[in-house]
Amino acid sequence: MAREHRCGKDGLPGCDDGPHTDDRFAETEALIMSAGRYVWPSDDLRPRVLEAARERVGRRHTRYRLAVMMVAAALGVMTGVSVSNHLQASADSAAMPRGERLDELVEAHAAASGQTHDWALADIVDQWRRELAERLPEGTVTPHRRQSDKTIR
Amino acid sequence: MNAPDPFSQRVRDCADHIAQSGVAALSGLYDLTAQRLLRLAVTITHNQHDAEDAVQAALVRVADHPQRLSRCDKPWPYLLSMVRNESLVILRKRKRWSFAHNLADLLTRRTVDEVEREETYRAVWMALRTLPTEQSEVVVLKVWESLTFAQIAEVLDIAPSTAASRYRYAIEKLAYNLNLVGESLDPQSPIGPSRSAAETNHGT
């Protein structure tokens with residue numbers, strides 16, 4: 001190694017100052033080499049490094065766990081809100097109109113069909129039950145129920 | 001792609017071990033590399049405390065993402081460049097660059113049979129501190145880490161020819177300084193008298 005730089009090896013130009021310079025360089029390099037293990041780390045560096053590494057890795061794991069929990073919580077909230085909205089919409093559409101809304105519907109139906117308010121109310125209730133029955137999947141309605149529907153009609 | 005040198009392979013093995021076993025395995029990498037990393041960092045920061053901080057920061061990064069070290073082509077030069085970067089970051093954070101002109105900050109260790117050579121070691125380290133950092137780091141990587149100029153160029157992000165010329169200038173200066181020191185070593189010299197064994201000898 002010591003003569004590598006002087007002989008033009010390592011893809012680099014060498015030094016042409018002659019053998020005296022080579023010897024001086026070799027001597028100097030040998031001197032430097034001998035002092036390589038003179039300086040040492042302090043005794044407390046090793047535990048300090050290990051402790052700092054433990055803390056850092058621990059912090060990283062904590063941050064990772066926190067991030068996973070936050071993502072899971074966000075997903076949970078988004079899913080909850082979505083399901084809640086869906087259920088609310090479903091409940092709203094399936095519910096029988098009440099109060100002023102029902103009065104308005106009865107009034108409008110009575111005016112449109114020329115029926116009395118009682119028959120208009122009966123028609124609205126009947127129509128609502130049909131809509132509910134249509135939403136049920138095929139085969140959910142029992143034969144007994146169909147028979148009773150026919151009887152009523 | 002050339003096969004990594006044996007030391008790089010050992011560094012890679014340590015990184016793999018950390019990736020598999022966790023932070024506890026960092027001690028293996030520390031034992032393997034700390035002294036070598038520290039002497040590079042000391043060369044750059046001119047201060048043992050800052051150098052230890054740089055080594056700590058680099059090894060903690062490795063513990064956090066050991067795969068980065070184990071997957072790179074040359075793990076040892078990569079780790080050296082990590083420590084160099086951390087050292088430069090620490091230097092930038094320093095409000096003023098006040099490089100020490102003695103070796104009082106260094107924690108040194110030598111065996112009993114090396115006592116008579118301590119003056120030489122101190123002379124070498126003192127001479128290294130008189131060099132500009134860009135030259136002294138090339139010397140450290142070339143002589144102590146046995147890297148080629150191409151590898152040094154990768155670590156320092158410079159051209160190989162630049163690395164070679166820096167090395168040449170550095171060795172010329174060191175040769176001059178060390179020869180001067182060798183001829184006139186006395187308590188008044190820039191190196192000064194060595195510290196007592198009680199101050200400096202922490203080892204065998």
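Here are a few things to note about the model shown:
- Condition met for residue B:13 (at pLDDT below 85, part of a helix (DSSP H, G or I) and surrounded by fewer than 17 Cβ atoms within 10 Å (Cβ to Cβ)): no
- Those residues of region B:7-27 which are among the aliphatic types (A, V, I, L, M) and within 25 Å of residue B:144 (Cβ to Cβ), in sequence order: B:11, B:15, B:18, B:26
- Flag if residue A:68 is aliphatic (A, V, I, L, M), at pLDDT 85 or above and surrounded by 12 or more Cβ atoms within 10 Å (Cβ to Cβ): no
- Note on region B:45-57: residues that are surrounded by fewer than 23 Cβ atoms within 10 Å (Cβ to Cβ) and either in a helix (DSSP H, G or I) or in contact with a Leu (Cβ under 6 Å, 6 or more places away or on another chain) (or both) total 4.
- Matching option when the condition is free of Cβ contacts under 8 Å to residues at least 40 places away in the same chain and not hydroxyl-bearing (Ser, Thr, Tyr), among B:5, B:53: B:53
- Residue within region B:171-184 that is part of a loop (DSSP other than H, G, I, E, B), modelled with pLDDT under 90 and away from every other protein chain (no Cβ under 13 Å) present: yes
- For region B:35-60, a tally of residues being closer than 15 Å to residue A:51 by Cβ and facing chain A (nearest Cβ under 9 Å) returns 6.
- Verdict on residue B:122 being at pLDDT below 95, in a helix (DSSP H, G or I) and facing another protein chain (nearest Cβ under 10 Å): yes
The values are calculated or read from the model by the stated rules, or taken from the named source; none is laboratory data. Keep in mind that what you see is a predicted model, and the values were worked out from it rather than measured. Cβ coordinates were reconstructed from backbone atoms using ideal geometry, including for glycine residues, and neighbour counts include every protein chain displayed.
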